[in-house]
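What follows is a short report on a single structure.
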Amino acid sequence: MFRLCVFIIVLINQEIRITNAFGECLNVVTLDGVRTLSHGQKVCAPPRNGENELGIRYLTCIHGSVSITTCHSSLRFDIVTGVCNWPQYASCSTAEILSTTAQRPAITTQKRQSTTTPKPSITTTQKAQTVRDQSPEISTSGLCSANNCRLPKCFCFGSQPNLPVSDTPQFLMITFDDAVTPQLYENYFKSLLVDNAYRIFNPSGCTIRSAFYVSHENTDYSKVLRLWQSGHEIASHTIHHNLPTGDSQKDYPEMAAEIDGLRQEVFKALGNKTLVDSINGFRAPYLRVAHDVQYDVLRDYNFLYDTSVTSVELWTGQTPLWPFTLDYVIKRCNNPPCPTKSYPGLWEVVMNAWMGENGFPCSMVDTCSLASGTLDTANQAAWEALYNKNFALFNKAKIPMPFFTHGSMFLRSPSSYTALVSWLKSLQTERSDVWMVTPQQVIQWMKNPMTNNEMKAKRWGC
């Protein structure tokens with residue numbers, strides 16, 4: 001069979017490249033010689049004059065254009081995993097890969113080749129079947145409405161589930177950003193979330209759930225494994241707690257290395273494919289959204305949701321938002337640059353801001369003002385007052401309540417931890433409709449809503 005190729009001459013970085021209609025990059029000078037690279041393929045760049053190490057830079061073919069990315073000064077590109085890593089784990093040698101494949105399993109979260117059908121790979125085949133809905137995309141022209149956006153595939157910005165408020169469960173999403181350190185785990189996470197020393201349960205009788213947006217540096221992956229084994233969600237918060245700006249498509253390789261790279265690090269540390277396959281959420285460091293490039297990566301690498309976009313609905317006197325899909329462009333964006341394109345099936349677990357005691361919104365609990373004292377000096381009563389005040393605001397319409405914070409909040413203010421334990425125990429005693437769950441669980445429920453009584457009867461989330 002003959003293949004008709006249309007060749008186009010393009011100028012990139014002052015070099016002539018020849019690309020064809022299939023998005024391949026032709027005649028690329030690599031460490032292994034002149035090669036043809038397929039779209040998304042990464043290879044080591046040849047060393048420059050005076051360099052005596054390999055993997056300082058790597059090349060990525062993106063729709064026929066070659067992008068050159070420089071690794072962090074302490075890292076080197078690893079062709080096995082496709083990200084910059086510590087030098088002792090990195091290799092640019094094709095021969096070494098072929099000879100050590102059996103001893104050195106690689107996680108291959110390859111990008112999707114289209115917006116509907118992911119390219120089969122070791123880790124994304126099951127992910128595509130269980131996380132992303134595999135069906136033709138809904139048209140995204142015009143305004144989002146019940147006529148063109150329907151569950152379980154699509155949910156409009158500002159919509160609410162079709163259940164009476166009285167029958168709707170009150171979700172509470174407790175999440176922690178940044179590294180999982182031994183100190184945080186042993187002093188706080190273990191007793192509350194692993195050992196359940198305080199005997200806190202959901203209405204189903206099962207233990208509560210939380211989520212961890214993990215950044216690589218300073219993380220103890222043995223503690224991450226223990227949290228995951230206890231039912232908690234593990235999500236990506238990048239490797240270096242930083243993202244490129246996303247102002248240009250040239251940022252794509254670095255963006256992918258940071259976002260999907262966390263999966264790679266988890267696999268290298270633990271070798272647990274099931275855990276890696278469960279990493280489907282992402283939160284941008286510092287809540288700095290990186291434009292469409294961030295969402296291109298999340299879509300291409302089969303993430304289920306993002307939770308980086310902030311909302312101040314309470315501050316403006318409006319009802320907070322349920323999570324929604326990005327089939328249609330976001331109506332309001334408080335921390336631009338937000339996505340400007342359609343990303344069918346990708347969810348946004350919006351960061352509904354709390355109200356601080358000074359009357360101003362705060363997207364993370366540890367940035368809220370308190371009635372007395374500061375983050376470092378407030379007592380337990382001040383923290384509980386903040387928790388109860390905001391619970392009442394979200395509970396009016398049964399909107400999922402975020403408790404988004406950093407584990408370091410407990411180190412700076414141990415009273416915030418004792419207040420959290422006391423507050424959760426009181427909610428369990430006084431209410432029968434409060435469920436402490438992960439963002440993934442909220443999305444799962446939204447795709448198949450059921451009443452609070454039905455959830456208890458079915459022991460939902462156990």
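Among 417-424, 173-180, what's the highest-first ranking by average C-beta atoms within 10 angstrom per residue?
Values: 417-424: 19.0, 173-180: 23.2.
My ranking of the peptides, most packed first, is 173-180, 417-424.
Under 5 Å between amide hydrogens, which residues at least 5 positions from Phe212 or on another chain qualify, with H placed 1.01 Å from N in the peptide plane?
Result for Phe212 returns Phe176, Glu233, Ile234, Ala235.
Please work out the average accessible area per residue across region 221-262, using the 1.4 Å probe convention, and give it in Å². If you can, show how the numbers build up before the last one.
Values: 1360 Å² over 42 residues.
Ligands and nucleic acids excluded, the result is 32 Å² per residue.
Let's test this: bin the Cα-Cα distances of region 334-462 at 10 Å from zero up to the farthest pair and state each bin's percent.
So the P(r) values, bin by bin, are 11, 36, 33, 17, 3.
From Cα coordinates alone, what are the radius of gyration and Dmax values for region 228-312 in angstrom?
Considering region 228-312 through its Cα atoms, Rg and Dmax are 12.7, 40 Å.
Using amide H atoms built 1.01 Å from N in the peptide plane, name the residues 5+ places from Thr310, or on other chains, whose amide H lies under 5 Å from its own.
Placed amide hydrogens put Asn334, Asn335, Met351 under 5 Å from Thr310.
Per 0.36 nm of contour for each residue apart, how much would the distance between Asp195 and Tyr286 grow if the chain were fully extended, relative to their Cα-Cα spacing?
Values: separation 91, 0.36 × 91 = 32.76 nm, distance 3.07 nm.
Full-extension gain reported as 29.7 nm.
Can you give me the long-range amide H partners of Cys84? Hydrogens built in the peptide plane at 1.01 Å from N, cutoff under 5 Å, separation of 5 or more residues or another chain.
Asp78
Ordered by residue, what ³J(HN,Hα) values in Hz, to whole numbers, does region 192-199 give under the Karplus form 6.51 cos²θ - 1.76 cosθ + 1.60, where θ = phi - 60° and Gly and Pro are x?
For region 192-199, the Karplus curve yields 7, 10, 10, 7, 6, 5, 9, 6 Hz.
Viscosity 1.567 mPa s, temperature 4 °C: Stokes-Einstein D of region 320-409 from its Kirkwood Cα radius, in µm² per second? Could the numbers behind the result be given before it?
Working: Rh = 14.7 Å.
The Stokes-Einstein estimate is 88 µm²/s.
Over 18 Å between C-alpha atoms is what I'm after, so list which of Lys389/Lys425; Lys223/Lys268; Lys331/Lys389 land there. Mind showing how you got there, number by number?
Working: Lys389/Lys425 16 Å; Lys223/Lys268 15 Å; Lys331/Lys389 28 Å.
Beyond 18 Å between Cα atoms: Lys331/Lys389.
May I ask for the Kirkwood hydrodynamic radius of region 204-254, worked out over all distinct Cα pairs and given in angstroms to one decimal? Walk me through the intermediate numbers first.
On the way: mean 1/r = 0.0765 Å⁻¹.
When all Cα pairs of region 204-254 are included, the Kirkwood radius is 13.1 Å.
Using only the C-alpha atoms of region 398-460, find the volume of their convex hull and express it per residue in Å³.
Details: hull volume 6.3 nm³, N = 63.
Normalising the Cα hull of region 398-460 by residue number yields 100 Å³.
Taking 60 Å as R0, compute the FRET efficiency from the Cβ-Cβ separation of Lys425 and Asp32 and round it to 0.05.
Values: r = 61 Å, r/R0 = 1.01.
The value I calculate is 0.50.
Please figure out what share of the DSSP beta bridges in region 259-359 is antiparallel and state it in percent, rounded to the nearest 5. Numbers along the way, then the final one.
On the way: 3 of 9 bridges.
Of all bridge pairs located within region 259-359, approximately 35 percent are antiparallel.
Please turn the phi angles of region 173-187 into ³J(HN,Hα) values with the Karplus equation 6.51 cos²θ - 1.76 cosθ + 1.60 (θ = phi - 60°), one per residue in order, whole Hz, x for glycine and proline.
Working through the residues one at a time gives 9, 9, 10, 10, 9, 5, 5, 9, 9, x, 5, 5, 5, 5, 8 Hz.
When Lys and Arg each count +1 and Asp and Glu each count -1, what net charge do the other residues less than 15 Å away from Ala197, Cβ to Cβ, add up to?
Details: positive: Lys190, Arg199, Arg226, Lys425; negative: Glu186, Asp195.
Within the 15 Å Cβ shell, the charges total +2.
The values are calculated or read from the model by the stated rules, or taken from the named source; none is laboratory data. Keep in mind that what you see is a predicted model, and the values were worked out from it rather than measured. Positions of Cβ are backbone-derived with ideal geometry, glycine not excepted, and every protein chain shown enters the neighbour counts. These area figures cover heavy atoms from the full protein model, side chains too; ligands, DNA and RNA do not enter into them. Shrake-Rupley method; radii C 1.70, N 1.55, O 1.52, S 1.80 Å.
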